[in-house]
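The values are calculated or read from the model by the stated rules, or taken from the named source; none is laboratory data. Since the structure is predicted, the reported quantities are computational estimates derived from the model, not experimental observations. Here the Cβ is made from the backbone with ideal geometry for all residues, glycine too, and neighbour counts use every protein chain on show. Surface accessibility is based on the protein's heavy atoms, side chains included, excluding ligands, DNA and RNA. Shrake-Rupley method; radii C 1.70, N 1.55, O 1.52, S 1.80 Å.
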Amino acid sequence: MSSIVADTESASTQQLVEAASVIFSELANRAAPESGAACMELAEALSTVTDRAEHVLAELIAVVDRTGEMKHWGLPSTQAWLRCRMGMREGRAKERITLARQLHRLGRVRTGLATGELSFGYAATIADAVQRLNDDDTAAAEDILLTAANEGLSAGKVAKLGGKIHDLVREHNGEDKPPEDVQRGYERSWVTVSRSLDGGCYLKGWLNPEDTAILDGTLAPLAKPAGTDDRRDLG
């Protein structure tokens, strides 16, 4: 391993992954220092390292996703691969897939994540915000969202800003109107779902009477008081 660390340029990607595995295995077996200040400094440094590792992982996932390699192993999708082979929860898998698919359109985000200057949280947030924008709008949104991140806005606030940008772009392009069949007679339901970084989501849409009845029938039992300590209101 020492020879690989000393000469990383000549080492293969497989060798570097193996070296990283050895290093992290050793770290996992060591007790944390007693000093809180030392632990804080080490944690921040390690966080930057893991952010750079996320960049590598995103690049690898992008190739698997593009080539469909997971199907040769009996897995129907990239998301299924991440869930079954890497033990990711659904939200985490979707977050990584979105980043992998959008990173090639986000030059500054890609560079920042690779160099450790941008955290995975910000990179994933920006990727999620631009996934339904065209290339020109993506470039403009990337500049705005990176500026917000550099000014100290939290990833959650950057996500909200990204949602506003998306809505403004749709409105400017005349895309924020209900589907044509809904305008004719409100016959077909439509719902759009945008995931947030914390695992939640934003819902926007319209349901016809039949689907509204299904929704009410599904939610009504869940809205009943679960006990004397349940203080939720019906809303």
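Points to keep in mind about this one:
- In the range 185-201, the qualifying residues are those that are under 20 Å from VAL109 (Cβ atoms) and either part of a loop (DSSP other than H, G, I, E, B) or among the acidic types (Asp, Glu) (or both), and the one that is modelled with the lowest pLDDT is LEU197.
- Filter pass, ALA58 being under 13 Å from the mean Cα position of the chain (by Cα) and either under 16 Å from GLU142 (Cβ atoms) or open to solvent by less than 20 Å² (accessible area, probe 1.4 Å) (or both): yes
- Test: residue in the range 132-144 that is closer than 22 Å to VAL193 by Cα, open to solvent by 80 Å² or more (accessible area, probe 1.4 Å), in contact (Cβ under 8 Å) with a residue 12 or more places away in the chain and among the acidic types (Asp, Glu): yes
- Count of residues meeting criterion [among the hydrophobic types (A, V, I, L, M, F, W, C) and modelled with pLDDT under 95] in the range 87-123: 2
- Evaluation of ALA123 against (1) open to solvent by 30 Å² or more (accessible area, probe 1.4 Å); (2) touching a residue at least 40 places away in the same chain (Cβ under 8 Å) (one fails), failing number: (1)
- Residues satisfying the stated conditions in the range 75-118, i.e. touching a helix residue (DSSP H, G or I) at 6+ places or on another chain (Cβ under 9 Å), open to solvent by 40 Å² or more (accessible area, probe 1.4 Å), touching a residue at least 40 places away in the same chain (Cβ under 8 Å) and closer than 22 Å to CYS201 by Cβ: LYS94
- Residues (open to solvent by 80 Å² or more (accessible area, probe 1.4 Å) and either of a type in the set (Phe, Trp, Tyr) or touching a helix residue (DSSP H, G or I) at 6+ places or on another chain (Cβ under 7 Å) (or both)) located in the range 1-16: MET1, VAL5
- GLU18 vs. criteria more than 21 Å from HIS55 (Cβ to Cβ) and either part of a helix (DSSP H, G or I) or modelled with pLDDT of 95 or more (or both): no
- Top-ranked residue in the range 146-184 [being acidic (Asp, Glu), open to solvent by 100 Å² or more (accessible area, probe 1.4 Å) and part of a helix (DSSP H, G or I); ranked as modelled with the highest pLDDT]: GLU171
- Selection within the range 17-55 - in contact with a Leu (Cβ under 9 Å, 6 or more places away or on another chain), open to solvent by 60 Å² or more (accessible area, probe 1.4 Å) and either of a type in the set (S, T, N, Q) or in contact (Cβ under 8 Å) with a residue 60 or more places away in the chain (or both): ARG52
- Test: residue in the range 82-100 that is more than 19 Å from ASP51 (Cα to Cα), part of a helix (DSSP H, G or I) and hydrophobic (A, V, I, L, M, F, W, C): yes
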